[in-house]
Amino acid sequence: MATTRDIDTLLKNWDFRPGEVNARLVKARNGRQVLQMRIDMGLVQMETDLRPDGLRPNGAETYYDYLVGEVIREGSGFRLNKEQCTESDREFVQFYQRRLCWLSLREYRRAARDADHSLAFMDFVREHSPDEEWTLSHEQYRPFVLFHRVQAAALAALQEDGPENAIGEINSGLARFKELFTRYDAAEQYADDELVRRLEEMRESVRSRYDVGRTLDEQLAEAVRAEDYELAARIRDRIRRGEAVRADGAGDDGPSV
């Protein structure tokens with residue numbers, strides 16, 4: 001009797017929904033969890049840790065790790081060849097697909113972790129790219145990856161640590177966006193960027209929903225801008241004590257979270 005190799009039953013019991021990321025965590029036969037994404041006419045199955053395809057390129061945990069080893073072996077003058085560029089792109093796509101799945105499942109720490117991998121890999125290929133054209137073909141996606149990273153980290157902080165920490169994550173992410181725009185001589189475009197505005201809207205939504213005033217970090221930045229260094233010193237002391245405030249104007253003995 002021929003062995004059944006089709007996946008008809010899986011597909012019939014899991015409808016594809018265009019325009020959505022259709023993802024789920026399931027248990028494999030050996031007991032491990034795997035991540036599945038429904039696509040048109042099929043599905044993609046990914047590992048939950050390290051490389052999504054489960055491979056160990058040249059014995060390394062990821063292709064990025066393998067390439068870092070190549071730089072250590074060959075020196076800082078190392079440049080990616082055509083095959084290495086192709087394999088790098090494969091890993092970028094795999095981590096992108098898994099990141100989308102984690103976000104759809106509200107697995108925000110995992111989404112942030114995969115975004116961190118992609119951002120670090122982008123740093124690497126920018127330094128060791130064979131040419132400027134290939135560099136820019138990847139750098140154009142950096143704001144999008146960074147947006148996912150900030151969004152995921154903020155939502156994870158909101159779940160685990162509270163709204164003040166979520167706002168802190170967003171502000172840290174916005175600072176990274178500003179550095180990115182400055183790096184590419186586009187600082188004047190920062191305020192009007194769609195992703196920046198979406199993060200600012202997310203921050204103010206958290207602030208409004210949870211009745212959070214300016215965080216201590218925000219108050220510190222404002223005091224430094226106003227050159228009120230005595231106030232800045234007091235706020236730094238409060239930050240070191242691990243305090244957090246929910247509303248503007250709270251005294252030094254205000255509520256902690």
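What follows is calculated from the coordinates using simple rules that are stated; it is not laboratory data. This structure is a prediction, so every number in the text was calculated from the model and none was measured. A quick note on method: Cβ atoms are made from the backbone with ideal geometry, for glycine too, and the neighbour counts reach across all protein chains shown.
Before moving on, here are some points about what is shown:
- Dipole magnitude of the chain about its Cα centre (Cβ charges: Lys, Arg +1; Asp, Glu -1), debye to nearest 20: 1200 debye
- Whole-Hz couplings from phi, Karplus 6.51/-1.76/1.60, listed for the range 210-221; x for Gly and Pro: 9, 6, 9, x, 5, 6, 4, 4, 5, 5, 5, 4
- Per residue, the average separation of C-alpha pairs within less than 8 Å and at least 6 apart gives the range 135-195 a relative contact order of 29 percent.
- Within the same chain, lysines fewer than 8 places from residue 12 are excluded, and of the rest, those with a Cα less than 30 Å from its Cα are 27.
- Between 0 and 90°, nearest 10: helix 108-128 axis offset from the chain longest Cα axis: 80 degrees
- Ranking 155, 190, 104 by how far each Cα lies toward the positive end of the dipole of the chain (charges on Cβ) leaves 104 at the top.
- Among the chymotrypsin sites (Phe, Trp or Tyr not before Pro) in the range 110-167, those located in a DSSP loop and surrounded by at most 15 other Cβ atoms within 10 Å of their own Cβ are 141.
- The ratio of the alpha-carbon radius of gyration of the chain to the globular-protein estimate 2.2 N^0.38 Å is 1.23.
- Among 122, 41, a tally of other beta-carbon atoms within 10 Å of each Cβ gives an order, fewest to most, of 41, 122.
- Chymotrypsin sites (Phe, Trp or Tyr not before Pro) lying in DSSP loop within the range 150-223, provided at most 13 other Cβ fall within 10 Å: 184
- Listed residues 62, 35, 72: farthest to the positive end of the dipole of the range 20-89 (Cβ charges): 35
- Protection proxy ranking for 109-119, 229-239, using the average of other Cβ atoms within 10 Å per residue and placing the highest first: 109-119, 229-239.
- Long-range HN-HN contacts of residue 22 with modeled amide H, under 5 Å: 38
- For 88, 208, order by how many other beta-carbon atoms lie within 10 Å, fewest first: 208, 88
- Take every Cα pair under 8 Å whose residues are at least 6 apart in sequence, average their separation, divide by the length of the range 123-243, and the relative contact order is 18 percent.
- GluC sites (Glu not before Pro) restricted to the range 63-165 and DSSP loop, no more than 15 other C-beta within 10 Å: none
- Taking the chain as a Gaussian network of alpha-carbon nodes connected by springs under 10 Å, the highest mean-square fluctuation of the residues 86, 215, 62 belongs to 86.
- Computed from phi, the 3J(HN,Hα) profile of the range 175-183 under the Karplus parametrisation 6.51, -1.76, 1.60 (θ = phi - 60°) reads 5, 5, 4, 5, 4, 5, 5, 5, 4 Hz, with x in place of Gly and Pro.
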